[in-house]
1. So which residues in the stretch 1-51 are out of contact with any Leu (no Cβ under 8 Å at 6 or more places or on another chain), open to solvent by 30 Å² or more (accessible area, probe 1.4 Å) and among the aliphatic types (A, V, I, L, M), if there are any at all?
2. I need a count of the residues in the stretch 138-151 that are in contact with an Asp or Glu (Cβ under 9 Å, 6 or more places away or on another chain) and either of a type in the set (Asp, Glu) or open to solvent by 70 Å² or more (accessible area, probe 1.4 Å) (or both).
3. Which of the numbered conditions does residue 66 fail, given that it passes all the others? Conditions: (1) modelled with pLDDT under 95; (2) open to solvent by 60 Å² or more (accessible area, probe 1.4 Å); (3) not basic (Lys, Arg).
4. Which of the residues spanning the stretch 91-137 are of a type in the set (S, T, N, Q) and either open to solvent by 10 Å² or more (accessible area, probe 1.4 Å) or within 14 Å of residue 147 (Cβ to Cβ) (or both)?
5. Is there any pair linking a residue in the stretch 88-114 that is free of Cβ contacts under 8 Å to residues at least 60 places away in the same chain and farther than 20 Å from residue 58 by Cβ to one that is open to solvent by less than 30 Å² (accessible area, probe 1.4 Å) and part of a loop (DSSP other than H, G, I, E, B), with Cβ under 8 Å and at least six apart or on different chains, and which?
6. Name the strands (runs of 3 or more DSSP E) wholly inside the stretch 1-76 in which the number of residues that are under 13 Å from the mean Cα position of the chain (by Cα) and of a type in the set (A, V, I, L, M) is 3 or more.
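The values are calculated or read from the model by the stated rules, or taken from the named source; none is laboratory data. The shown structure was predicted, so the numbers you read here are calculated from the model rather than taken from an experiment. Cβ atoms come from the backbone with ideal geometry, glycine included; neighbour counts cover every protein chain shown. The area values use the complete protein model at the heavy-atom level, side chains included, leaving out ligands, DNA and RNA. Shrake-Rupley method; radii C 1.70, N 1.55, O 1.52, S 1.80 Å.
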Amino acid sequence: MSGGITLRVNGQPVSAPNGARRLLDLLREELDLTGAKEGCGMGECGACTVLVDGEPVCSCLVLVGQVAGAEVVTSEGLAARGLHSVQEAFVQAHASQCGFCTPGMIVSAAALLARDPRPDEEAITLALAGNLCRCTGYASIFSALERARER
C-alpha cells in the first residue's frame, strides 16, 4: 500500500491512500487482520476494539485519518511473540464461547493490565463496560482477568 496516511499497525508501517475510511475496514479488508469484528457499527458493543497509542478504541468509529502517525495494536498484534497473558488466561478459563466478542475483550483487558497490573473487580468491570458478550455471562471472562493479573 502506498500513499497518503501513514501509521503503524502491530509494529509494521502502513500507508493508506484513503484517510476517510474506517480503521476497522482498513484492518479487516486491506490488512487481513480479522480479529476486530464488525458488531454494531456504532461503538456500542466493543467487538471492534483495538489499541491506538495504548488506549482502547472502537475501530468502527475511528477514521484512518484520525490515527495518522499512531500505533495501532490489534488482538493479533498482542500475540506477535506468542500468546499475551490475557489470551492465555482466556484459554485457561474457557472465557469465550462463540468468540465474536473475545478479541475486543482481550484488547480492553490488556490495556487495563498495562496501566494497572493489579486491578480490583471494580476496575475490571469499568474496563470491560464497553464490551458486550451474549454467550458467557461474564463470569469466565472475569475469571480470566483474575488469572491474567496474577501473572
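1. Matches in the stretch 1-51: 1, 5, 31.
2. Here the count works out to 3.
3. That leaves (1) as the condition not met.
4. If we filter the stretch 91-137 for residues that are of a type in the set (S, T, N, Q), which is where we start, we get 92, 96-97, 102, 108, 125, 131, 136.
Answer for the stretch 91-137, where residues must be of a type in the set (S, T, N, Q) and either open to solvent by 10 Å² or more (accessible area, probe 1.4 Å) or within 14 Å of residue 147 (Cβ to Cβ) (or both): 92, 96, 97, 102, 125, 136.
5. 95/136; 97/136
6. Details: elements: 5-9, 12-16, 49-52, 55-58, 71-73.
Filter on the stretch 1-76 gives 49-52.
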